[in-house]
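Written below as structure tokens is the structure these notes are about.
The values are calculated or read from the model by the stated rules, or taken from the named source; none is laboratory data. Source: prediction; values computed, not measured. Note: ideal-geometry Cβ built from the backbone for every residue, glycine included; neighbour counts use all protein chains shown.
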Amino acid sequence: MISVVLATHNEEKNLARALDSIKQFANEIVIVDGNSTDNTVKIAQSYQAVVLQTTNKPIFHINKQLAIDQAKNNLILQLDADEAVDQELAKFIIDLDRNLMAKPSAVIDSAWWIRRKNNFLGHWLKKGGQYPDPVIRLFIKNKAFLPQKSVHEQMTVKGSIGWATGHLCHYSNPTLADYWRKLQAYTALEADKFSQTKLTVPLALYYLFIKPIITFLTLFFRHKGFIDGIYGFLFAFLSALHFPIIIYKVIKQKFS
């Protein structure tokens, strides 16, 4: 039996696509919603999801772990609302569930890496460190959990980790406006963490100039982002922009 768990906040544009992709195998859908003000909850309920409402926390993994804790079945898929399961991955999950029910001792892994395809401004990124972008999202109940300390953390797993076939299709940044909104949220969190560190002139200069240049060159040249053309260039440039924005927010906090 399979539980699919999500944490949501104002995801009416994405949620139906995510839930359509898992309805062929999900025996239970658990959604922890962080005070959505749009139709997210109504959409979730139309798919017979169990919906728990709470606050929208800055570290979104707190709500993801709440959803994981509510899952009743032995096999759990943690899905983001802006993701979708492709057919190859769906088949892997269905076959894995059958194996777990038929002969649990034959399944030696506790969790599985899933390759992820990232859609940036309508383009599937092939390079720039954005493929295969593996994430741990499929696991046996009580064998994996989220540390809940960072927005980009991976799951901690008790036991061995295998590889799933297929992909998660990640529609993370369909427009520049979406990218900018997420950038503002991520940099605000990083600035809060950074503000506890003593800000020196060399450190500020490093984040304002050196680290952005290194980031851009790494993504665009070392990880061959140039293969994605203008999309690869924009992704590398905007990724590099995170660091001066973080420093700007730290300085604003300290001197405002």
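The figures follow:
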{"item": "Top-ranked residue in segment 19-40 [being in contact with an Asp or Glu (Cβ under 6 Å, 6 or more places away or on another chain) and not acidic (D, E); ranked as farthest from D82 (Cα to Cα)]", "result": "N39"}
{"item": "Residue match in segment 65-73 (condition: surrounded by 20 or more Cβ atoms within 10 Å (Cβ to Cβ) and assigned to a loop (DSSP other than H, G, I, E, B))", "result": "yes"}
{"item": "Tabulated pairs, segment 183-197, first not assigned by TED's automatic domain parsing to the domain that holds F120 and surrounded by 17 or more Cβ atoms within 10 Å (Cβ to Cβ), second hydroxyl-bearing (S, T, Y) and modelled with pLDDT of 85 or more, C-beta under 9 angstrom, 6+ apart or interchain", "result": "T187/Y248; A191/Y248; F194/Y207"}
{"item": "Residue match in segment 96-111 (condition: of a type outside the set (V, I, T), closer than 23 Å to N14 by Cβ and part of a strand (DSSP E or B))", "result": "no"}
{"item": "All positions within segment 162-175 that are surrounded by fewer than 17 Cβ atoms within 10 Å (Cβ to Cβ) and over 20 Å from L15 (Cα atoms)", "result": "G162, W163, T165, G166"}
{"item": "Residue within segment 132-141 that is in contact (Cβ under 8 Å) with a residue 40 or more places away in the chain, basic (K, R) and farther than 30 Å from N73 by Cβ present", "result": "no"}
{"item": "Qualifying residue in segment 136-147 (condition: at pLDDT below 95 and over 13 Å from the mean Cα position of the chain (by Cα))", "result": "yes"}
{"item": "Residues satisfying the stated conditions in segment 74-89, i.e. in a helix (DSSP H, G or I), surrounded by 21 or more Cβ atoms within 10 Å (Cβ to Cβ) and among the acidic types (D, E)", "result": "none"}
{"item": "Residue pairs meeting the criteria (Cβ under 9 Å; at least 6 apart or on separate chains; first over 30 Å from W180 (Cα atoms), in segment 99-121; second buried (at least 17 other Cβ atoms within 10 Å of the Cβ) and of a type in the set (G, A, S))", "result": "S110/A144; A111/A144; W112/A164"}
{"item": "Residue list for segment 19-35, filter: assigned to a loop (DSSP other than H, G, I, E, B) and either free of Cβ contacts under 8 Å to residues at least 12 places away in the same chain or in contact with a strand residue (DSSP E or B) (Cβ under 6 Å, 6 or more places away or on another chain) (or both)", "result": "S21, I22, F25, A26, N27"}
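Yes or no, residue by residue, for (1) at pLDDT 95 or above; (2) within 18 Å of M155 (Cα to Cα); (3) among the β-branched types (V, I, T):
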position	(1), (2), (3)
D33	yes, no, no
T40	yes, no, yes
Q45	yes, no, no
L66	yes, yes, no
